[in-house]
Amino acid sequence: MESQVICWPDKKERQEIKGRIRRESGFPCCLGFVDGTLFVLENKPLLSGVDYFSRKGRYGISGMIVCDDHKRIRHIYTGWPGCTHDARVFNNSALACQPDRFFTGDEYLLADTGYTPSTRIVPTFKKFPSLAIDETQFNYRLSNIRIRVEHCIGILKGRFQSLRGLRTVIRQEKDVKRLVYWIRACCVLHNLVLQDPVEQAWLRDEEEDGDEIPTLRGKDAQGENIGKKKRRDLVPIVLSNW
């Protein structure tokens with residue numbers, strides 16, 4: 001059922017999503033929100049265990065979730081060891097490797113500072129060393145709407161508690177695949193029961209923003225500069241609707 005339940009919006013639905021997000025937050029051409037998360041493992045993997053040890057001090061599997069403004073999961077990509085940075089997970093996903101399949105024109109996703117600016121990713125400005133007033137206001141607007149992906153992940157893990165402590169011991173590659181299927185199955189169920197009542201305690205995932213982005217070089221650095229320019233161009237557009 002995954003291909004029917006977790007699907008990228010078609011042309012008509014994209015227009016509807018972009019319209020709702022712009023009316024609510026001022027961001028034009030925004031298709032949704034992306035965030036990384038850690039699916040914690042209860043036990044240290046016996047296969048490449050050190051790779052699964054995350055910056056949070058827990059063993060886990062790194063994943064990436066994209067949702068729309070209704071908290072519907074539109075894309076799930078997971079299976080990476082817990083030490084993997086959010087930006088690296090995204091850069092290896094189909095969204096980054098085959099962007100023409102998912103985006104047209106100026107469409108993009110909003111993200112936190114753990115992501116590199118690009119033509120398809122618009123993250124918040126880093127707070128260090130300081131921010132201009134318009135950058136602070138831009139971050140406020142972006143964070144207010146982007147928090148829905150954190151709510152989405154929080155609801156997913158709150159409803160399916162196994163995702164807060166996966167008990168399968170990773171001894172070989174097939175164990176990782178089994179866990180990935182489990183995570184994806186929970187995401188399918190999340191979309192199917194999206195209208196069911198939600199506990200307020202579920203609304204925030206345990207992850208925190210502000211990871212350091214690995215240093216980029218060459219074409220990747222050029223793409224980051226283009227992304228920064230796109231973000232800067234968005235600032236007056238978004239704030240004009242303040």
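The values are calculated or read from the model by the stated rules, or taken from the named source; none is laboratory data. Worth saying up front: this structure is predicted, and the values here are computed from it rather than measured. Cβ placement follows ideal geometry from the backbone for every residue including glycine, while neighbour counts extend to all protein chains displayed.
Give the number of residues within the range 118-149 that are buried (at least 23 other Cβ atoms within 10 Å of the Cβ) and either modelled with pLDDT under 95 or assigned to a loop (DSSP other than H, G, I, E, B) (or both). Steps first, please.
First, the residues of the range 118-149 that are buried (at least 23 other Cβ atoms within 10 Å of the Cβ): 118, 121-124, 138, 142, 146, 149.
Still in the running and either modelled with pLDDT under 95 or assigned to a loop (DSSP other than H, G, I, E, B) (or both): 118, 124.
The qualifying residues number 2.
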Notebook entry, point to check: Here are some conditions: (1) in contact with a helix residue (DSSP H, G or I) (Cβ under 9 Å, 6 or more places away or on another chain); (2) over 30 Å from Gln172 (Cβ atoms). Ile76 meets all but one. Which one does it not meet?
Noted result: (2)
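Is it the case that Arg148 is in contact (Cβ under 8 Å) with a residue 40 or more places away in the chain, closer than 15 Å to Leu234 by Cα and among the basic types (Lys, Arg)? Before the answer, list the steps.
Numbers: in contact (Cβ under 8 Å) with a residue 40 or more places away in the chain: yes; closer than 15 Å to Leu234 by Cα: no; among the basic types (Lys, Arg): yes.
Criteria not met by Arg148.
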Check: Pick from the range 94-112 the residues that are assigned to a loop (DSSP other than H, G, I, E, B) and surrounded by fewer than 20 Cβ atoms within 10 Å (Cβ to Cβ): which of them is farthest from the chain's Cα centre (by Cα)?
Finding: Gly105
Check: Among all residue pairs at least 6 apart or on different chains, which show Cβ distances below 7 Å where the first residue, located in the range 66-79, is touching a residue at least 24 places away in the same chain (Cβ under 8 Å) and the second is of a type in the set (Asp, Glu) and buried (at least 21 other Cβ atoms within 10 Å of the Cβ)?
Finding: Arg74/Asp68
Next item on the list: Please enumerate the residues belonging to the range 141-182 that are closer than 17 Å to Pro45 by Cα and β-branched (Val, Ile, Thr).
Entry: Thr168, Val169, Ile170, Val176, Val180
Margin query: Looking at the range 160-173 only, could you name the residues that are over 16 Å from Gly63 (Cα atoms), assigned to a helix (DSSP H, G or I) and either modelled with pLDDT of 95 or more or of a type in the set (S, T, N, Q) (or both)?
Written below: Gln161
Notebook entry, point to check: Residues in the range 39-53: is at least one surrounded by 13 or more Cβ atoms within 10 Å (Cβ to Cβ), within 20 Å of Asp69 (Cα to Cα) and among the small types (Gly, Ala, Ser)?
Noted result: no
Item checked: Where Tyr181 falls short, out of the listed (1) surrounded by fewer than 14 Cβ atoms within 10 Å (Cβ to Cβ); (2) of a type in the set (Ser, Thr, Tyr); (3) at pLDDT below 95 -> (3)
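Residues are listed down the side, and each one gets a yes or a no for (1) more than 21 Å from Leu194 (Cα to Cα); (2) small (Gly, Ala, Ser); (3) modelled with pLDDT under 95:
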site: Gln4; (1), (2), (3): no, no, yes
site: Glu16; (1), (2), (3): no, no, no
site: Arg22; (1), (2), (3): yes, no, no
site: Pro28; (1), (2), (3): yes, no, no
site: Leu38; (1), (2), (3): yes, no, no
site: Leu46; (1), (2), (3): yes, no, yes
site: Tyr52; (1), (2), (3): yes, no, yes
site: Ile61; (1), (2), (3): yes, no, no
site: Cys67; (1), (2), (3): no, no, no
